[in-house]
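A.B. asks: My questions will all concern the structure given below.
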Amino acid sequence: MKIVVDGMGGDNAPHEIVKGAVQAAASTNHLIILIGDEPQINKELEKYQYKKEQISVVHASEVISSDDPPVKAVRTKQDSSMVKGINMVKSGEADLFISAGNTGALMAAGLFILGRIQGIDRPAIASIFPILGKGGVTLLVDAGANSECKPNNLLEFANMGSIYMEKVMDIMNPTVGLVNIGTEETKGTTIIKAAYELLSKSSMRFVGNIEARDIPKGVCDVVVCDGFTGNIILKLSEGLAWTIFKLLKQKFTSGIVTKVGALLLSSKLKELKSEFDYSEYGGAPILGVKGALVKMHGSSNANAVKNTILKGIPYAENNVVQMIQNSVLELEEIIISE
């Protein structure tokens, strides 16, 4: 299998991207292709020892920055690392594309170059969310691609997320929950109520409405919501985790007694921190396009890059895209029956 990694995407490119790719190469036999400015990437590669046959470089003369207007950038920067990399997936030269670059541009490029899976109205970003204290994960769909959704979009998100959790995360017959302001069936907007009806008629293990506060408890395997709500949930969770650890650090360094306590608890504190660490969970797959694309956090370090590559392999290997395509017929029957 061939994995293309955007060597120029993100805040820490290309040094952390290259470092992470080298680390991943030590744990897999698949070919990793770094795409971007060849001289810069080769300069970074010179710092490490690796099997030359496992990492190759493809030159791209342009870069889509975080400030570039997504659609315009995709149309005008044809030799950018992102556009060129996704074209490699389309042509069959690669099986998976990974980038920490401009999210809007990645979505636009996925739609323009690869196109939507037939029967899927809107692709979505699926983000892994840690289940605190249990060591497991749940999947949040959509995490920011679609600010406004129709009921059938939420049904599609649930279906795609369920397939991903089963085929990539090895969670058989995953449960699905719909984010709402209460668990009662009668609560929520007209769209949420309609989505509830659609999900209830599907073959998925729909557990009903869920509240945001229960997501970290692992109330379900797939959390479904529009991208506006999903992105707020993610950003609030990140900010809350950062604030908690900052407060803990202040408390544990405020005196001799607390410093001794921190030393005794250091291993447990490290375990807790790792549960909040996004770099441990890999990237967010873009579900609904005709190719395997994964979005990494813009500030991804080498560990995040390594884990995204390794955890992205089953996404392509298990042919999740085709599985989603095969499942569309049932969704259409449910929507028509409404």
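Please treat every number below as a calculation from the coordinates, not as lab data. Remember, predicted model here, so these are calculated numbers, not experimental data. Methodologically, a virtual Cβ is constructed for each residue, glycine included, from the backbone with ideal geometry; neighbour enumeration extends over all protein chains shown.
A.B. asks: Which helices pass in the chain if a helix is a full DSSP H run, must span at least 20 angstrom along its long axis by Cα, and must have mean Kyte-Doolittle hydropathy not below -0.5? Each step should come with its number before you reach the end.
C.D. replies: Values: long enough: 151-167 (25 Å, -0.29); 227-252 (37 Å, 0.47); 302-317 (23 Å, 0.01); 320-337 (26 Å, 0.97).
Length and hydropathy pass: 151-167, 227-252, 302-317, 320-337.
A.B. asks: Once fully extended, how much extra length lies between SER147 and ASP67, figured as 0.36 nm per residue of separation less the alpha-carbon to alpha-carbon distance?
C.D. replies: Stretched fully, the SER147-ASP67 segment lengthens by 26.8 nm.
A.B. asks: Oh, and also: Stretched out fully, how many nm does the piece from SER91 to THR28 gain, at 0.36 nm a residue minus the Cα gap?
C.D. replies: Details: separation 63, 0.36 × 63 = 22.68 nm, distance 2.35 nm.
In short, 20.3 nm is gained.
A.B. asks: I would also like to ask the following. Can you give me the C-alpha center-to-center distance between segment 119-156 and segment 58-108, rounded to a whole angstrom?
C.D. replies: When both Cα centres are located, 23 Å separates them.
A.B. asks: If the cut-off is 28 Å between C-alpha atoms, which lysines fall inside it for LYS51, apart from same-chain ones fewer than 8 positions away?
C.D. replies: Qualifying lysines at Cα under 28 Å: LYS2, LYS19, LYS43, LYS84, LYS90, LYS295, LYS306, LYS311.
A.B. asks: Something else now. Can you compute the FRET efficiency between GLU332 and LEU236 using 1/(1 + (r/R0)^6), with r the Cβ-Cβ distance and R0 = 41 Å? Round to the nearest 0.05. Spell out each step's value before the answer.
C.D. replies: Numbers: r = 35 Å, r/R0 = 0.85.
After rounding to 0.05, the efficiency reads 0.75.
A.B. asks: What is the magnitude of the charge dipole of the chain about its Cα centre, with +1 placed on the Cβ of each Lys and Arg, -1 on the Cβ of each Asp and Glu, and no other charges, expressed in debye to the nearest 20? Could you put the intermediate results ahead of the total?
C.D. replies: On the way: 34 positive and 37 negative charges, 203 e Å.
Once rounded to the nearest 20, the dipole reads 980 debye.
A.B. asks: For the chain, which longest stretch is free of loop sites, where a loop site is one of the trypsin sites (Lys or Arg not before Pro) that DSSP puts outside H, G, I, E and B and that has at most 12 other Cβ atoms within 10 Å?
C.D. replies: 135-338
A.B. asks: Still on this model: Within segment 130-193, list the GluC sites (Glu not before Pro) lying in a DSSP loop whose Cβ has at most 16 other Cβ atoms in a 10 Å radius.
C.D. replies: Values: sites: GLU148, GLU156, GLU166, GLU184, GLU185; in loops: GLU148, GLU184, GLU185.
Of the GluC sites (Glu not before Pro), the ones in loops of segment 130-193 whose Cβ has at most 16 other Cβ atoms within 10 Å are GLU148, GLU184, GLU185.
A.B. asks: Right, next: So between GLN40 and GLN325, what do we pick up on full extension, going 0.36 nm a residue minus the alpha carbon distance?
C.D. replies: Values: separation 285, 0.36 × 285 = 102.60 nm, distance 3.89 nm.
Gain on extension, GLN40 to GLN325, equals 98.7 nm.
A.B. asks: With no solvent and one point on each alpha carbon, what is the Debye value of log10 I(q)/I(0) for the chain at q = 0.07 Å⁻¹?
C.D. replies: Taken in order of the listed q values, log10 I(q)/I(0) reads -0.30.
A.B. asks: Which residues in segment 136-163 have a backbone N closer than 18 Å to a point placed 7 Å from the Cα of ILE181 along the Cα-to-Cβ line?
C.D. replies: Under 18 Å, as judged by backbone N against the label point of ILE181, lie 148-149 of segment 136-163.
A.B. asks: Moving on. So which GluC sites (Glu not before Pro) in segment 37-78 end up in coil per DSSP with only 11 or fewer other C-beta atoms within 10 Å? Don't skip to the end; give the middle numbers.
C.D. replies: Values: sites: GLU44, GLU46, GLU53, GLU62; in loops: GLU46, GLU53.
Sparse-neighbourhood loop GluC sites (Glu not before Pro): GLU46, GLU53.
A.B. asks: Starting from the 7 Å offset along Cα-to-Cβ, what nm value, one decimal, do you get for the label separation of PHE228 and THR189?
C.D. replies: Here the answer is 0.5 nm between the modelled labels.
A.B. asks: For LYS201, list the lysines whose Cα falls under 28 Å from its own Cα; do not include residues on the same chain fewer than 8 positions away.
C.D. replies: The reachable lysines, counting only those whose Cα sits under 28 Å from LYS201, are LYS150, LYS167, LYS187, LYS193, LYS217, LYS290.
A.B. asks: Spin-label point model (7 Å from Cα, Cβ direction): what's the PHE112 to ARG205 distance in nm?
C.D. replies: 4.1 nm
A.B. asks: A further question follows. Grab the beta carbon distance between ARG213 and ASN303, set R0 = 25 Å, and tell me the FRET efficiency rounded to 0.05.
C.D. replies: 0.30
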